[in-house]
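So the structure is just underneath, and the comments pick up after that.
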Amino acid sequence: MHRPLFTLGACLAVVMSISPAPVLAAESAALIGHEVLSRSSQISLASVFEQAIKQAPESVLQQSAEEQARAMQALARRWIVGAPSWQTSIVDDRLQTDQGLRELETGLAFDLWLPGQRRDARALGEAYNQRSAAWQSWLKWLIAGRLRTAMAEMETADLALESATEIAQQAERLLDTTRRLQRAGAASELEVIQAETLWLQRQREQMAAATARANAEREWQLLTGLNVRPDTHREAPGTLDSIQADHPLLALRQSELAISDAAVLAAEREARGSPNLSVGLRRERGDWQQPYINSAAISLSIPISSRAVVNAAGSEARAARNESELARIQDLRELNTLLQQTQRELASVNAALPMAQREAELGQRQQQMAQTAFETGEIDLPEVILILQRAYESTLAYQQMLLRQRHLESEYNQIVGVLP
């Protein structure tokens, strides 16, 4: 009669339900050197969004992008190309006598705009300004993705730790029961060894799950600079069914393409050269008895360019422009591919959820029936344990599917460019 008591105690120790808010044991937390983050229902991803942007290493580039845009726009507002230069020339053919010629020319030289070049320079400045704005939108989108990923990893680690903790507790209860029965002569040494081996395995799994959650929470701390995390996170499913032209990544690529277009024109302009205007004074005299002759000096030089030279100078810029266009096309294709994959997976999960829920309910019923049948001696211990394990796995699979549904909704919003 001792044997049925042992098997019934072991079966009843297997708990099928998973607690909604598992807590890591204090000794496990101390062992991995991590303090579990507190949770608050008062914060959300949207509330920590700005804090995460400040913590992002890319934020140091924001000021330089704005300064570059302002500098390029300022260049287009100038009336001359580049900076003026001061030029001076002295001609003196006297050696050992006062007879001869002495000349002095001094003045400023300016490079002038060719027709259309100033317009191209303004286009370049506007392109940099657009990239500065697009870069800020892209940074927000990037940080939103990091936040969503960090939150998903923490929630996945929570569920894994919850499951591992529950299984470890079951194994510990089974080991205690087996040792008591051994002392009473109702269990063998082999059964105690088997129970202890199972308990050690479950302890290692729990420790690995605790480490995984500690890593996920540490990543959250680095990302946000906070020691608190949202209690739950659920986003409304996105309404967009395609990638829009104003997507943050595509907008950034488009601004880079505009800069590349302007860079082609700038390279060709440099190859053509710029007209040069020199304005200054000229002073000359013969011997020392003659008076100085002062006059104004104005000179204009116009470059004569070759089409072959211009094309060669712009070839590298055109190649860079084509690379920018290629990057935009590849990003668009990748976003569309990810969107379609997420749509299909989300549809699959939504369709499978009712079946998973029903399977979990049937597993619970089988568990109850198995316990009743075992009490009446209709089934033996291995069959009961197998039924309980299947019921546990079906419940866990249903919870994992619910969590995956939430994460897919967040991924969908991230792909189409919707911020939290």
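Worth pointing out:
- Sole residue being touching a strand residue (DSSP E or B) at 6+ places or on another chain (Cβ under 9 Å) and under 26 Å from PRO303 (Cα atoms), chosen from ARG272, ARG282: ARG282
- Applying the set (1) out of contact with any Gly (no Cβ under 9 Å at 6 or more places or on another chain); (2) among the small types (Gly, Ala, Ser); (3) modelled with pLDDT under 80; (4) closer than 30 Å to LEU419 by Cα to ALA69 leaves exactly one unmet item: (1).
- Flag if ALA83 is modelled with pLDDT under 80 and either touching a Lys or Arg at 6+ places or on another chain (Cβ under 9 Å) or under 30 Å from ALA214 (Cβ atoms) (or both): no
- Residues (in a loop (DSSP other than H, G, I, E, B) and touching a His at 6+ places or on another chain (Cβ under 9 Å)) located in segment 186-222: ALA186, ALA187
- Test: ILE293 is farther than 23 Å from GLN62 by Cα, touching a residue at least 12 places away in the same chain (Cβ under 8 Å) and more than 34 Å from the chain's Cα centre (by Cα): no
- Selection status of ALA144, hydrophobic (A, V, I, L, M, F, W, C), touching a helix residue (DSSP H, G or I) at 6+ places or on another chain (Cβ under 6 Å) and part of a helix (DSSP H, G or I): no
- Residue list for segment 329-350, filter: of a type in the set (S, T, N, Q), under 16 Å from PRO237 (Cβ atoms) and touching a residue at least 40 places away in the same chain (Cβ under 8 Å): THR342, GLN343, ASN350
- In this entry, ARG131 passes the filter for residues that are modelled with pLDDT of 85 or more and either in a helix (DSSP H, G or I) or within 17 Å of the chain's Cα centre (by Cα) (or both).
- In this structure, SER188 qualifies as among the hydroxyl-bearing types (Ser, Thr, Tyr) and without any contact (Cβ under 8 Å) to a residue 24 or more places away in the chain.
- Only strands (runs of 3 or more DSSP E) whose full extent lies in segment 223-338 are considered here, and the ones with at least 1 residues that are farther than 30 Å from THR149 by Cβ and either among the aromatic types (Phe, Trp, Tyr) or touching a Gly at 6+ places or on another chain (Cβ under 6 Å) (or both) are 276-285, 293-301.
- Qualifying residue in segment 16-39 (condition: of a type outside the set (S, T, N, Q), modelled with pLDDT of 75 or more and buried (at least 17 other Cβ atoms within 10 Å of the Cβ)): yes
- Close Cβ contacts (under 6 Å, 6 or more residues apart or on different chains) running from residues in segment 265-286 that are buried (at least 18 other Cβ atoms within 10 Å of the Cβ) to residues that are among the charged types (D, E, K, R) comprise LEU265/ASP120; SER274/ASP111.
- Residue within segment 233-252 that is hydroxyl-bearing (Ser, Thr, Tyr), under 21 Å from the mean Cα position of the chain (by Cα) and farther than 27 Å from ASP331 by Cα present: no
- Any hit, segment 302-325, residues being more than 28 Å from ARG131 (Cα to Cα) and either polar (S, T, N, Q) or touching a His at 6+ places or on another chain (Cβ under 9 Å) (or both): yes
The values are calculated or read from the model by the stated rules, or taken from the named source; none is laboratory data. The structure presented is a predicted model; accordingly, all values stated were derived computationally and were not measured. Cβ atoms come from the backbone with ideal geometry, glycine included; neighbour counts cover every protein chain shown.
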